[in-house]
Amino acid sequence: MDTQNPNVPSHAHTRVAGKKHPNRRHPHSGLVHDNARHTTRFTVIGNHLAQHPELSLLAIGLAVHIQSLPAGSRIDIKSLAARFPEGTTRIAAGLRELEAHGYLRRTRERVPDGRIVTRTTSCNQPGHSGTGTPRPTPRKRTKQPGGTSLPAVPRPAYAAPTLLQQATDLLSRLRRDDPRLLLSGCDTAHLARGVAAWLERDVTPAAVRHALTTDLPPEPLRRPAALLAHRLAAQLPPPPPFGAQQAPPPPTRHPLQTCDGCDRAFRAPAPGHCRDCRSSRSSRTELPEAA
């Protein structure tokens, strides 16, 4: 009776929680991290970017590289293509992905010398506006004489006087396309900024006029300015896409011709004399005749 069975456990085993199981800490397959704590030269990247379900791997890598750069670095397509082996087409597509998902924001500004440049802002958390980012001012609605306000219209990045004048002239000529689009001075001033926002996005005046005057309702327009304001806001085109700078066209390569004077081969659009023969012929004609 005093003989003990060595195969019988001395006490009941306690059940180990799933998350605290020792085998869960050191898996025998799959990824194993060997991490060291960074104290200098590191960038914090959110998992919402690193594990984004819709972004391509190229776009995620571009975003990580851009977020690691100091302020003022050049991130145009030409600079990125010189840094990485991917071509300009793939880099442009990756930048468009980041812009569509809010990780890049582009605004157009006018610099002191009068040029309009594109400012690119990298957002490490889309939808979050830091304290250093200027917040847009609330748009005021313009009230009409009857007391009803007009809908808000988009605003250009820089309301240059020449741009606003071009927009005002375009609005004042809409009545030539449709007499119902006769606008008051107050309505024109309100809508001019919306038209300027379109023109600033490389939309031609003809395209703006077509968007505002096409498919108008056949019945009389009770508030034409409100209709135009709605179209300016609802149909606002996106900013110009990222695109590589167009390379200059290759030089024209003329066919080979045989010189009529010396039988030398030369390139020209039509048969005739080579450059040396033309020079000698012109020099002989310029010599004065002997007396």
Restricting the search to region 159-168, which residues are in a helix (DSSP H, G or I) and more than 20 Å from Q235 (Cα to Cα)?
P161, T162, Q165
Here the qualifying pairs (Cβ atoms under 8 Å; residues six or more apart or on different chains; first in region 82-105 and more than 14 Å from T121 (Cα to Cα); second exposed (fewer than 13 other Cβ atoms within 10 Å of the Cβ)) come out as T88/K78; A92/P241; A92/G243
Tell me, yes or no, whether region 110-130 has at least one residue that is acidic (D, E), touching a residue at least 24 places away in the same chain (Cβ under 8 Å) and either out of contact with any Leu (no Cβ under 8 Å at 6 or more places or on another chain) or in a loop (DSSP other than H, G, I, E, B) (or both).
no
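Yes/no matrix, rows are residues, columns are (1) part of a loop (DSSP other than H, G, I, E, B); (2) on the phi < 0 side of the Ramachandran plot; (3) more than 30 Å from the chain's Cα centre (by Cα):
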{"position": "P151", "(1), (2), (3)": "yes, yes, no"}
{"position": "A157", "(1), (2), (3)": "yes, yes, no"}
{"position": "L170", "(1), (2), (3)": "no, yes, no"}
{"position": "R176", "(1), (2), (3)": "no, yes, yes"}
{"position": "L183", "(1), (2), (3)": "yes, yes, yes"}
{"position": "G194", "(1), (2), (3)": "no, yes, no"}
{"position": "W198", "(1), (2), (3)": "no, yes, no"}
{"position": "D202", "(1), (2), (3)": "yes, no, no"}
If you scan region 234-259, which residues turn out to be at pLDDT 85 or above and of a type in the set (D, E, K, R)?
none
Can you tell me which residue within region 154-213, out of those that are hydroxyl-bearing (S, T, Y) and within 21 Å of G114 (Cα to Cα), is least open to solvent (accessible area, probe 1.4 Å)?
T168
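The values are calculated or read from the model by the stated rules, or taken from the named source; none is laboratory data. These numbers come from a predicted model, not from an experiment. Because the Cβ atoms are built from the backbone with ideal geometry, glycine has one as well, and the counts that use them run over all protein chains shown. Calculation scope for accessible area: heavy atoms of the full protein, side chains included, ligands and nucleic acids excluded. Shrake-Rupley method; radii C 1.70, N 1.55, O 1.52, S 1.80 Å.
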